[in-house]
1. So the check is Cβ under 7 Å with 6+ separation or different chains; which pairs have a first residue in segment 123-139 that's free of Cβ contacts under 8 Å to residues at least 40 places away in the same chain and a second one that's part of a loop (DSSP other than H, G, I, E, B) and not small (Gly, Ala, Ser)?
2. Within segment 186-199, identify whether any single residue is touching an Asp or Glu at 6+ places or on another chain (Cβ under 7 Å) and not aliphatic (A, V, I, L, M), and answer yes or no.
3. I'd like the full set of residues that are surrounded by fewer than 24 Cβ atoms within 10 Å (Cβ to Cβ) and in contact with a strand residue (DSSP E or B) (Cβ under 8 Å, 6 or more places away or on another chain), limited to segment 94-121.
4. Looking at (1) over 21 Å from the mean Cα position of the chain (by Cα); (2) of a type outside the set (A, V, I, L, M, F, W, C); (3) buried (at least 16 other Cβ atoms within 10 Å of the Cβ), which is the only condition Asp436 fails?
5. Could you please let me know if Tyr22 is assigned to a helix (DSSP H, G or I), touching a strand residue (DSSP E or B) at 6+ places or on another chain (Cβ under 9 Å) and at pLDDT 95 or above?
6. Give the residues of segment 370-405 that are in contact with a Lys or Arg (Cβ under 7 Å, 6 or more places away or on another chain) and aliphatic (A, V, I, L, M), sorted by residue number.
7. Tell me, which residue of segment 27-45 that is more than 30 Å from the chain's Cα centre (by Cα) and within 17 Å of Gly381 (Cα to Cα) is surrounded by the most Cβ atoms within 10 Å (Cβ to Cβ)?
Amino acid sequence: MSNRIVIENCAVATVDADDTEYASGHVVVAGKLIESVGAGPAPAGLENVTRRIDGTGHLVTPGLVNTHHHFYQWITRGLAQDSNLFNWLVELYPTWARIDEEMVYAAASGSLGMMARGGVTTAMDHHYVFPKGAGDLLGAEIRAAAELGVRFTAARGSMDRGKSDGGLPPDFAVETTEGALLATEQAIDTHHDASFGSMLHIAAAPCSPFSVSTDLLREAAVLARRKGVRLHTHGSETVEEEKFCHELFGMGPTDYFESTGWLGDDVWMAHCVHMNDSDIAAFARTGTGVAHCPSSNARLAAGIARVPDMLAAGVPVGLGVDGTASNESGELHTELRNALLINRLGGGEKALNARQALRLGTYGGARVLGRTAEIGSLEAGKLADLVLWKLDGIGHASIADPVAALVLGAAAPVTLSLVNGVPVVENSRLTRADEDAIARLTKSQAQRLARIAGLA
């Protein structure tokens, strides 16, 4: 019989299909699974209770799900502070092309650690820079996620359209088409676990229309569907990208993606800022998902994604931190607030509310990653990935509505975060790693990269 953890006397936001909430309720975890959720105290007579938590002054929610990130950028934060996307990329590609396995492990540890401390239980990373001789970069990320105990989707990215072929990245930063496809297939065969409760998924993820050939896009889609994995890329992020696609392909990004097999319910794209009505309808019709990255879009002045219109049309939408070279905070729980605020700037005071923002960061992310049967809501039979947020401190105690306190208030402390029923954060500290050691490691690797790239 499984050991049980009982959390009670807390507010509960289940984020189930009915958005069920309890002002004072309980969650019972049995082994890796949620056994029960409900109002009032936990059922009497439970056996094998190894831990009973009084959640007074707290809110329990599903664990947050991050749907877009670039871990390696943790060690290039604070650079190109006043650039738009294309100029930012041009400035940073030469530095990124010098990363190696040791740097990526450090950057992944920092990125994952920061997200986990802020309530992320399922992380995703899109890694697309693979310098020759740099070592096992994807493996370094996978190792860091396993050490921290976070559920992980590793999107094996790629670029094969260098500057000499009309692309944006320098030629020394790209792979061959064949090499990228082979490496992606090897990553899937080596690492992807499709079982219920899997801690590791692999996705096929050519980087973007301006860094990838049409052949690579088409063949990656064929490969992913043959292997039964999901597809991820950047789409419609900037007006410059829109112009690039019209000039090179004679059509906008969404039409181009559809022509290469890249719309479907097994696909999600980051950003999708510059989408017209026809684009949104195409995503809704095909079930194509969106990773909304409000802070990064603001940092790079990319624009405001039409998230309320996407949701109204039925488009799956989750939240993303994006790379921390364009979102230095590296936290997803702050994106709940920023998603609400930025979408109200674009669409008025009722464009998005606090509960919709929480859904984006939980169930919405699970839907985008294809994992709603396992995570994203607090329901019996789902995996015990959940977060207990402390809301009785100075930053939140005077806000009566706990969901509003979480979304609109200051970043809430995490008293407990579970993945598969196992604590990964307690009292806002990582349980499975030394945060101070990670900080020292990331600083030293950032300095090392800066020296190699001639920035220091």
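The values are calculated or read from the model by the stated rules, or taken from the named source; none is laboratory data. The structure presented is a predicted model; accordingly, all values stated were derived computationally and were not measured. With ideal geometry, Cβ positions are generated from the backbone for all residues, glycine too; neighbour counts draw on all protein chains shown.
1. Ala134/Ile99; Ala134/Asp100; Gly135/Asp100
2. Looking through segment 186-199, at least one residue is touching an Asp or Glu at 6+ places or on another chain (Cβ under 7 Å) and not aliphatic (A, V, I, L, M).
3. Scanning segment 94-121 gives a single hit, Arg117.
4. Here Asp436 clears every test but (3).
5. No: the conditions fail for Tyr22.
6. Residues satisfying the conditions are Ile375, Leu383, Ala384, Val403.
7. Result: Ala42.
Yes/no per residue for (1) outside any loop (DSSP other than H, G, I, E, B); (2) closer than 20 Å to Gly235 by Cβ:
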| site | (1), (2) |
| --- | --- |
| Glu47 | no, no |
| Leu59 | yes, no |
| Ile75 | yes, no |
| Trp88 | yes, yes |
| Glu91 | yes, no |
| Ala107 | yes, no |
| Ser111 | yes, no |
| Met114 | yes, no |
| Val129 | no, yes |
